[in-house]
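This report refers to the structure that appears directly beneath it.
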Amino acid sequence: MSAPIIRPGIKAFIFDLDGTLIDSVDAHVTTWVKAFKVAVGVSVDEGDVYSLIGMSGRDIVRKILGKVSESEYAKIRWVKDRAFMKEMRRGRITLFPGVTQALRMLKKEGYLIGMASSTPNRLLLHIMDYLEITGFFDAVTGGDEVGRGKPDPEIFLRTMRKLGVVPEETVVVGDTVYDACPAHRVGATPVLVNTCRAPDGIVVTTFCMFHEFTEVLKACLLRRNYLG
């Protein structure tokens, strides 16, 4: 099932980062596996981690290890974040084709643009700067700003408040059910990219590749401008 990307009353677009704007899911998986091994000596299968990407780091650790102490979590996170940054500096984490064009179009047309990522701000802001996309965003919310991570909608609602919009005025663009389901739950318009499978039971527009979203967005904006 699908719905229009842009309809009357839409004022803002909120994007997830990993797997949505940047090709980083594999890097997250391998660096989580490394962190579990190096920090606490636990061998974890990559497949077990892959299905959890999109959740907060604390929730990923909780799902894999159960309850851990704060010092254990901090050690795992320290190893993980540094391994991830090394992957980025090696050029293994890049923007998906069409991302810069889509952000530029939305900015030009006057839409507000927000970021809502499970990645903590200390890492999130550095990634955005490194990939030169910070200037497109009017509000950024990292996972360390909220008490409940995705799939709870708190991170999206917080970003909407920063932008000064309500859910009905917002399109949420992500790549997993952890983005689409909470967006739908609060009344925003969910869009999924880089996946061909939509969650059951909700109306969501799905694009197998990000650049397909960009092309449809371009057509929607041209039509809107043509019709006035």
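Values quoted throughout were computed directly from the atomic coordinates according to the rules given, and no laboratory measurement underlies them. Since we're looking at a predicted model, the values are computed, not measured. Please note: Cβ atoms are built from the backbone with ideal geometry, for glycine as well, and neighbour counts cover all protein chains shown.
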| query | When the dipole is taken about the Cα centre of the stretch 62-159, and only Lys, Arg (+1) and Asp, Glu (-1) are charged at their Cβ, what size is it in debye, to the nearest 20? | reply | 440
| Gaussian network model of the chain, Cα springs within a sub-10 Å range: biggest mean-square fluctuation belongs to which of Gly91, Gly149, Gly135? | Gly91
| said: Need one word for the stretch 108-176: rounded, prolate or oblate. Basis is the Cα gyration tensor (sqrt eigenvalues a ≥ b ≥ c); a/c below 1.5 gives rounded, then a/b vs b/c decides. | reply: oblate
| request: Anything over 29 Å Cα to Cα? Flag those among Lys80/Lys150; Lys63/Lys107; Lys86/Lys150; Lys86/Lys218; Lys34/Lys150, in the order listed. | output: Lys63/Lys107; Lys86/Lys218
| request: Using the charge dipole of the stretch 56-143 (Lys, Arg: +1 at Cβ; Asp, Glu: -1 at Cβ; taken about the Cα centre), state which of Ile93, Ala116, Val68 has its Cα farthest towards the positive end. | output: Val68
| task | Averaging sequence separations of C-alpha pairs under 8 Å and six or more residues apart, then dividing by the length of the chain, give the relative contact order as a whole percent. | result | 26
| Mind checking the angle between helix 99-108 and the chain's longest principal axis? C-alpha axes, 0 to 90 degrees, to the nearest 10. | 40
| task | Return the calculated 222 nm mean residue ellipticity for the chain, to the nearest 500 deg cm²/dmol, obtained by summing -39500 (n - 2.57) across DSSP H runs with n ≥ 4 and dividing by the residue count. | result | -14500 deg cm²/dmol
| task | For the chain, find the longest principal axis of its Cα atoms and tell me its angle to the long axis of helix 25-40, 0 to 90°, nearest 10. | result | 20
| note | Mean separation of Cα contacts under 8 Å (at least 6 apart) over the residue count of the stretch 183-228, i.e. the relative contact order in percent, is 27
| From Cα coordinates alone, what are the radius of gyration and Dmax values for the stretch 26-89 in angstrom? | 10.6, 32
